[in-house]
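Inspection log for the structure reproduced underneath, given as structure tokens.
Readers should treat all values here as calculations from the given coordinates under stated rules, not as data from a laboratory. Keep in mind that this is a model prediction, so the values were computed, not measured. Here the Cβ positions follow ideal geometry from the backbone for every residue, glycine too, while neighbour counts run over all protein chains shown.
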Amino acid sequence: MANSIVEKMKRVLGRHRVYDDPAIVSLYAREASGLHASELPMAVVFAESASDVSQLLRLAYRYEFKVFPQGTSTSLSGSAVPLDRGVVLSLERMRRVKEISVLDSVAVVEPGLRIDDLNLVLAKHGYMFPVDPASSAVATIGGAINTGAGGMRGAKYGTMRDWVLMLQLVLPDQDGTVMRIGCRTVKCRQGYDLVRLVVGSEGTLGVVTEATLRITPLPEESPTVLAFFSELDDLVEAVKSIKGNAWQPLIMEFLDADTVKIAKQFVNTDIDAEGHMLLVTMDTTRESRRRVMEQLISLLRENNAEKIYKASSLEEAEKKQLLALRKSLFPAQVHYARKHLGGKGRIHVLIEDIAVPPSKLAEAVTELRRIEQEHGFKVLLGGHIGDGNLHPAIGYNIDDPEQVRKVEEWALDVMRLAIKLGGTISAEHGIGVLKKQGLRMELESLGALKALDIMRSIKSIFDPKNILNPGKVV
Ligand SMILES: Cc1cc2nc3c(=O)[nH]c(=O)nc-3n(C[C@H](O)[C@H](O)[C@H](O)COP(=O)(O)OP(=O)(O)OC[C@H]3O[C@@H](n4cnc5c(N)ncnc54)[C@H](O)[C@@H]3O)c2cc1C
């Protein structure tokens, strides 16, 4: 059966687009979360156009096999991993920038385009696409749309749902219907908002084959300050003062003191890092840069910041290693776990993705440290303080079933905390398979379990035969 389906795909789509060599297929059977397919998919199909996608989905509908869309598989929630012996649909060959219009403030792109590559092109026009997941060097626009990705600039610029105007979508129906939804204009009323329904739908409703994105001018100047505080409450007060000054920083990132202590062992830097860390980048005009920087520093001092480092731009901040500690969260956790867990087996890092209202940050950190003690794992803790998105991360031995079980329990407690504080279990990484229980808990706490039924009904309207990325989200 599998062989005949692969042969049909090769005949319809061309041999150069369909690969069933297990050595190649296995590369597409895993994702960054560490999850991998229990059974190898039949093949990987490299689509080069919406028409290729449409033909594949028509075949899938007719012969009833599953299709798993993929960008570059950097998903951290289990959303990109094929769970069934279906076909992986890679969009990585569709990576053209089709149009940039400064007048309309849009970029029209294909889904396999990497976010950093889009920004390289936009920079020539003085523009940027502001959603910046830390994986932007490899993450694709299609993947970011489907996870509803965010990043360090989230407090100012929001997430993907704020930047997608229009989509070309291919449906997993009898005809492999290709349709456009949304408008090229920012103002748009088109009945129910299907664009926002697809953003964050994790490849379960349709395949995105083109996106019209909003773009925004590059900041003129980006003065950056790194500060350390002995008391977490002082750091939170500093954030309050920054916001109270009617400022909306471009970046406002945080690491707690325990994490700083561990992270600095793995970063080669002259920075005297001690205490809770706050990193702030403002976007200013050329004329106001100096004034804003001075005001920001005096405001941090008023709130008892003990050590302050500054750079006149983000580029200079990179050179001075001001971002290095924040960026070291993931590798530091791997090194730490390798050193302290010992034994044989592969070390894996689970990064949680809760968001709490920023006013609850100090409480969240205290509680996360209490939960850490209860479970006996070392947690590294950082996040986007401007929008309350925290990433507690744990390193563990993925080959030790007891550790895996304990980590799962820890993750559930972290999600329970987010819900208790009026937050959410997933701010930007999505639900995939790892957060399905968390989603249920969150909806239950809102008295909204019915929403799960509504979501399942929506899925079956888009995808009556449950072809696309089955088993994810709901
Ligand atoms: C080191 C690291 C740092 C990260 N930092 C961040 C961060 O700061 N913020 C953040 O939000 N995320 C972050 N992530 C998570 C992830 O990188 C992002 O969600 C990213 O946008 C996913 O893009 P991708 O191309 O890898 O998509 P994939 O992982 O390949 O796919 C993600 C989902 O989208 C679906 N999909 C992909 N393309 C299409 C398409 N064309 N049509 C329909 N469905 C499609 C897939 O089926 C899957 O459900 C990080 C991951 C890593 C490994």
Would you order Leu439, Leu113, Leu103 from fewest to most other beta-carbon atoms within 10 Å of each residue's own beta-carbon?
Leu103, Leu439, Leu113
Quick one: work out the % antiparallel among DSSP beta bridges in region 2-92, nearest 5.
25 percent
Let a ≥ b ≥ c be the square roots of the eigenvalues of the Cα gyration tensor of region 107-165; is it rounded (a/c under 1.5), or, if not, prolate (a/b larger than b/c) or oblate?
rounded
Listed residue (Leu103, Gly395, Gln248) projecting farthest to the positive dipole end of the chain, Cβ model:
Leu103
Do you know the Lys pair count in region 403-474 for C-alpha distances under 27 Å, with sequence separation 8 or more or different chains?
20
Translational diffusion coefficient, Stokes-Einstein: compute it for region 97-217 using the Kirkwood radius over C-alpha pairs as Rh, at 37 °C and 0.692 mPa s, and state it as an integer in µm² s⁻¹.
229 µm²/s
Most exposed first, judged by fewest Cβ atoms within 10 angstrom, Val379, Val88 run Val379, Val88
Of the DSSP beta bridges with both residues in the chain, give the percent that are antiparallel, rounding to the nearest 5.
85 percent
Order by protection proxy (mean Cβ within 10 Å, highest first), peptides 407-415, 267-275, 463-471, 149-157:
149-157, 463-471, 407-415, 267-275
Taking 8 Å as the Cα distance limit and 6 or more residues as the minimum spacing, I'd like the relative contact order of region 2-92 as a percentage.
34 percent
Sequence gap at least 6, Cα distance under 8 Å: using those rules, report the relative contact order of region 97-217 to the nearest whole percent.
32 percent
What aspartates and glutamates sit close enough to Lys66 to cross-link, taking a C-alpha to C-alpha distance under 14 Å and skipping anything fewer than 8 places away on the same chain?
Glu39, Asp84, Asp173, Asp463
Ranked by Cβ crowding within 10 angstrom, fewest neighbours first, how are His335, His36, His276, His16 ordered?
His16, His36, His335, His276
Output the antiparallel fraction of DSSP beta bridges having both residues in region 352-474, as a percent to the nearest 5.
90 percent
Between region 13-80 and region 290-318, what's the alpha-carbon centroid distance in Å?
47 Å
Part-to-part distance (alpha-carbon centres) for region 371-425 and region 204-227, which is given in Å:
28 Å
Equivalent-ellipsoid semi-axes (√(5λ), Cα gyration tensor) for region 2-92, whole Å, largest first?
21, 13, 12
Cα-based Rg (one decimal) and Dmax (whole number) for the chain, in Å?
22.8, 71
Using the structure shown, select from Lys264/Lys320; Lys264/Lys378; Lys310/Lys360 the pairs with a Cα to Cα distance greater than 21 angstrom.
Lys310/Lys360
Taking only DSSP H segments of four or more residues, each worth -39500 (n - 2.57), what value at 222 nm results for the chain once the sum is divided by all its residues, to the nearest 500 deg cm²/dmol?
-10500 deg cm²/dmol
Region 299-361: proportion of alpha-carbon pairs further apart than 18 angstrom, %
64 percent
Would you mind estimating how fast region 331-459 diffuses translationally, via Stokes-Einstein at 4 °C and 1.567 mPa s with the Kirkwood radius over Cα pairs, in µm²/s?
84 µm²/s
